[in-house]
1. So between Asp168 and Gln112, what do we pick up on full extension, going 0.36 nm a residue minus the alpha carbon distance?
2. Determine, from the Cβ-Cβ distance of Leu119 and Gln224 and an R0 of 41 Å, the FRET efficiency 1/(1 + (r/R0)^6), rounded to the nearest 0.05.
3. Please give the length that would be gained between Thr272 and Ala250 if that part of the chain were fully extended, namely 0.36 nm times their separation in residues minus their C-alpha to C-alpha distance (nm, one decimal).
4. Quick check: residue separation of Gln101 and Arg233 times 0.36 nm, minus the Cα distance between them. What number comes out in nm?
5. Could you work out Rg/(2.2 N^0.38 Å) for the range 191-295, with Rg from alpha carbons only?
6. When DSSP beta bridges are limited to those with both residues in the range 191-295, what percentage is antiparallel, rounded to the nearest 5?
7. What does the net charge come to around Gly102 if you take all other residues with beta carbon closer than 13 Å to its beta carbon, with K and R at +1 and D and E at -1?
8. Is there a quick way to get the dipole size of the range 104-235? I mean about its Cα centre, with the Cβ of Lys and Arg at +1 and of Asp and Glu at -1; what is the value in debye to the nearest 20?
Amino acid sequence: MLGADARTRSGFVVLAGRPNVGKSTLTNAIVGAKVAIVSDKPQTTRRAIRGVRTTPDHQLVLVDLPGVQRPRDVLTERMQRRVESELRDADAALMLINAEQGIGPGDRFIAQLLKQAPLPVVIAVNKIDRCSKHQTAIVLQAAADLDVAEEIFPISASGGQGVQTLVDHLASMLPEGPFFFPPEDRSDQAEHVLLAELVREQVLRRTRQEVPHAVEVEVGEIEQRDDDLMYVRAVALVETDSQKGILIGAGGRMIRAIGTAARRELERELGTRVHLDLTVRVRKSWRTDERLLDRLGIE
Ligand SMILES: Nc1nc2c(ncn2[C@@H]2O[C@H](COP(=O)(O)OP(=O)(O)OP(=O)(O)O)[C@@H](O)[C@H]2O)c(=O)[nH]1
């Protein structure tokens, strides 16, 4: 417990950035644990996943926003609403820019959105490990020209360069106040959502084209069956029969490979042996099924 006179800082920082810029990787680096799933396919993060970093003097709650984009269907409209409400409720925003790609229309769109939000903004220029000093300097200048951020930090989320300096600065921006979550918490996601994300990560790793983005994973049952065995039932929802066929693979090879890899991830997360019961089901147009989106925790 903290002493009564201890001064702590505590608050919410929203992460904004184009798809694939490294938001999940940075969340994990800041929190020091795997709370957001990482993939090299854009549009992985459909939920506002939070990571919680707690030190003796601060608690920084990261809200990892979905790739900001214009609403296209029910799913993305919901994302957009979530983005706007997170911006209203947060203490600061961290905009991530991809140093390798430079600044594009998507970044300008986000900068515009952040300019209208009543909160201080910091920019981190990520993936500098992939760039020459000269290229990094050009992107840093272009980031400054967006005229939205108080401070700009060059970082490598995967390599760790510059991350500590960025975190120290973010922590200093938080208001003084008590912690929101118990210090041992790293994420406020319901356990079944986190486990479902770990399974979905393995689906994304192994599928191509339209399949990755058509798949959602729902974890129904999580049950301690034995002293050292956890039973987890998961369903991969797809939109068409042909996607189902791809996911199952010839002779069930694909789904077995996904299941084995996912089980290892779940065992690491839960610290126990896991029996994963993974099935594939077709649910046409789950993207526009509001009730299902509610159940899956996509707001
Ligand atoms: N070289 C390098 N690669 C990085 C860095 N940060 C992230 N990546 C890679 O970039 C890809 C995308 O990273 P994610 O963290 O999934 O990106 P994201 O912004 O969360 O993506 P969405 O969820 O689609 O919005 C992955 O392959 C990462 O390994 C970095 O600093 N350097």
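Coordinate-derived values only; no laboratory data. No experiment lies behind these values; they were computed from the predicted model shown. For neighbour counting, all protein chains shown are included, and Cβ atoms are generated from backbone atoms with ideal geometry for every residue, glycine included.
1. Difference between extended and current length: 17.6 nm.
2. So, using R0 = 41 Å, E works out to roughly 0.45.
3. 4.9 nm
4. Full-extension gain reported as 43.5 nm.
5. 1.05
6. Given both bridge residues lie in the range 191-295, the antiparallel proportion sits at roughly 45 percent.
7. Overall, the nearby charge balance is +1.
8. Roughly 860 debye, rounded to the nearest 20.
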